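Here's the structure we're looking at; comments come further down.
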Amino acid sequence: MAADYQLVIIGAGLSGLAAGIRAARFGAKTLIVEQHHRAGGLNSWYTQAGRLLESGLHAMTNCVPPERKKAPLNLIFRQLNLSRREFLIQEQWTSEIVFPGASLAFANDPALLAAEVERQFPGSGPAFQSLREAMTAFDPYKPAPWQSARAFVLAHLREPLLADMLLLPLMLYGNAEEHDMALSAFVILFRAVFEEGLFRPAGGIRGLLDLLLRQYANFGGEIRFQADVEALLTKGDRVTGLRLADGTAISAEAVISTAGLPETMRLTAGAPLQWPQTACACCGAMSFTETISVLPESARESVRQDRTMIFYHQGQRLRYQRPDALQDASWGIICFPEHFGDAQAAESEFSVRVSNPASFLLWQELRAQSAEAYRLAKQQCRTEAVAASEAYVGSYTGHTLHQDTFTPLTIARFTRKAGGAIYGSPVKVASGETPWTNLFLAGTDQGLVGIVGAMMSGISIVNQRLLR
């Protein structure tokens, strides 16, 4: 008896949508199931108080012109049969990394960062160039044992503060581990952030999602929203389909899960096959709070006008780790979503977004105590995040028109990422393989990072595991 679908994909995030488009383009009967009522996963949008607000996306990486055909972003568009030239983008203005007594500006011209390194750390220019050359010779996609990015950078720079300053934005853009990161991930992100640069789709994340959803529908792909997967159904070494929370059973010849390694393990609980021992302690620790403040255009005079993002750290040495409190506002990202493109948007409002590391476990404990305690803690963390950001961008508290804050629990609720871990499990499965011969992982826990990496992940799994 034929299965209902040749391919079922769990999750309508960017990796799931990319996988769905790629499979449907080549005639596979494909279904995406998404627990939320909207696509996007970690990178989506919502409306509140009559305003459209975005979650997840600060900026996309790998900003290159359409002519660079082998660049990751352009490869993705060709794989999805989309026109890269018609995809309008807005490049970052200038961003900055700030530690006590030191700062480095960078933009989409790598020469700026090189000049800034020499300015802030006189005589370090040759060492920084040596680091860049070493990364050019390194293949981050070649299977190899884990290597320390911190040790690699320090071996070339011999300047701990400079190493920390380079690590901070790259860790904040996709590192699931505490304290250090894999050299392969560092090299990928260095190229994506510092060499190619940052941008936003002209229509924001909603515009990108709408583009992908239309293309998926054009190829005949199906999608079901508010379809919460309860379990994966198995027989022997194969997955036969899945069961939704409403009891609906869907059979499939193959399944791709973008829900992350811990959640995929949970969905197969009780099945006869076992996951590798290394996957057992796979829940990531790194999660974040985010506060969005909407301000009137008249408040622009009160805040900085020359930065798109500020990656800040108040301590002398980088401490990329889960905090011992609900939130650690002493380091994080400050983003002006309107500070992209050739000119300032002629709008009546603009926004400031502040992201800070947070503890999922402590937020979970607090929410279990009472909804009121949770609400008051969110309000307090919002105040602390805004105050921390004002030290870098100027005071805007008195101008606020609207504010919203989400916590690690929000992330877990809407994305199914265990522990609210934005960057997934520290255990990565580069091959996407699982103990079941027709169940594959795609997205964050395949090890490709960022929005571009997530989309490439979904495409690569379809290409390597299904189309062949």
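Of all the listed residues (200, 206), the sole one being farther than 17 Å from residue 416 by Cβ and either in a strand (DSSP E or B) or among the hydroxyl-bearing types (Ser, Thr, Tyr) (or both) is 200. Cβ-Cβ distances below 7 Å connect the following pairs, each with a first residue in segment 165-185 that is touching a residue at least 60 places away in the same chain (Cβ under 8 Å) and aromatic (Phe, Trp, Tyr), a second residue that is buried (at least 22 other Cβ atoms within 10 Å of the Cβ) and outside any loop (DSSP other than H, G, I, E, B), and a separation of six or more residues or different chains: 173/189; 173/193; 173/450. Scanning segment 377-401 for residues that are free of Cβ contacts under 8 Å to residues at least 12 places away in the same chain, over 27 Å from the mean Cα position of the chain (by Cα) and under 30 Å from residue 102 (Cβ atoms) yields one hit, 397. Return yes or no: is residue 209 in the same structural domain as residue 80 (by TED's automatic domain parsing) and crowded, with 22+ Cβ neighbours inside 10 Å? Against the criterion (in the same structural domain as residue 80 (by TED's automatic domain parsing) and crowded, with 22+ Cβ neighbours inside 10 Å), residue 209 qualifies. For segment 244-269, a residue qualifies if it is over 25 Å from residue 421 (Cβ atoms) and either out of contact with any helix residue (DSSP H, G or I) (no Cβ under 7 Å at 6 or more places or on another chain) or modelled with pLDDT under 95 (or both), and the qualifying residues are 246, 247, 248, 249, 250, 251, 252, 253.
Looking across segment 56-76, the residues that are crowded, with 19+ Cβ neighbours inside 10 Å and out of contact with any helix residue (DSSP H, G or I) (no Cβ under 8 Å at 6 or more places or on another chain) come down to 58, 59, 74.
Kindly list the number of the only condition in (1) surrounded by 15 or more Cβ atoms within 10 Å (Cβ to Cβ); (2) closer than 21 Å to residue 74 by Cβ that fails for residue 202. Exception for residue 202: condition (1).
Residue 176 meets the conditions (1) under 17 Å from the mean Cα position of the chain (by Cα); (2) part of a helix (DSSP H, G or I); (3) small (Gly, Ala, Ser); (4) under 30 Å from residue 324 (Cα atoms) in every case but one. The failed one is (2).
Yes/no matrix, rows are residues, columns are (1) within 22 Å of residue 47 (Cβ to Cβ); (2) outside any loop (DSSP other than H, G, I, E, B); (3) hydroxyl-bearing (Ser, Thr, Tyr); (4) not assigned by TED's automatic domain parsing to the domain that holds residue 14:
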{"position": "372", "(1), (2), (3), (4)": "no, yes, no, yes"}
{"position": "378", "(1), (2), (3), (4)": "yes, yes, no, yes"}
{"position": "381", "(1), (2), (3), (4)": "no, yes, no, yes"}
{"position": "391", "(1), (2), (3), (4)": "no, yes, no, yes"}
{"position": "395", "(1), (2), (3), (4)": "no, no, yes, yes"}
{"position": "405", "(1), (2), (3), (4)": "yes, yes, yes, yes"}
{"position": "411", "(1), (2), (3), (4)": "yes, yes, no, yes"}
{"position": "435", "(1), (2), (3), (4)": "no, no, no, no"}
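Listed by position, the strands (runs of 3 or more DSSP E) contained in segment 256-366 that have at least 3 residues being touching a residue at least 24 places away in the same chain (Cβ under 8 Å), buried (at least 18 other Cβ atoms within 10 Å of the Cβ) and among the aliphatic types (A, V, I, L, M) are 287-296, 349-358. For segment 66-81, a residue qualifies if it is assigned to a loop (DSSP other than H, G, I, E, B) and of a type in the set (D, E, K, R), and the qualifying residues are 67, 68, 69, 70. Would you confirm whether any residue within segment 5-23 is assigned to a loop (DSSP other than H, G, I, E, B), surrounded by fewer than 21 Cβ atoms within 10 Å (Cβ to Cβ) and either of a type in the set (A, V, I, L, M, F, W, C) or modelled with pLDDT of 95 or more (or both)? No, because not a single residue in segment 5-23 is assigned to a loop (DSSP other than H, G, I, E, B), surrounded by fewer than 21 Cβ atoms within 10 Å (Cβ to Cβ) and either of a type in the set (A, V, I, L, M, F, W, C) or modelled with pLDDT of 95 or more (or both). Restricting attention to segment 260-279, and to residues there that are closer than 17 Å to residue 239 by Cβ and β-branched (Val, Ile, Thr), which single residue is nearest to the chain's Cα centre (by Cα)? Out of the qualifying residues, it is 264.
Residues checked against (1) at pLDDT 95 or above; (2) under 25 Å from residue 25 (Cα atoms):
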site: 53; (1), (2): no, no
site: 66; (1), (2): no, yes
site: 71; (1), (2): no, yes
site: 83; (1), (2): yes, yes
site: 110; (1), (2): yes, no
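The values are calculated or read from the model by the stated rules, or taken from the named source; none is laboratory data. If you're wondering where the values come from, they're calculated on a predicted model, not measured in any experiment. Here the Cβ is made from the backbone with ideal geometry for all residues, glycine too, and neighbour counts use every protein chain on show.
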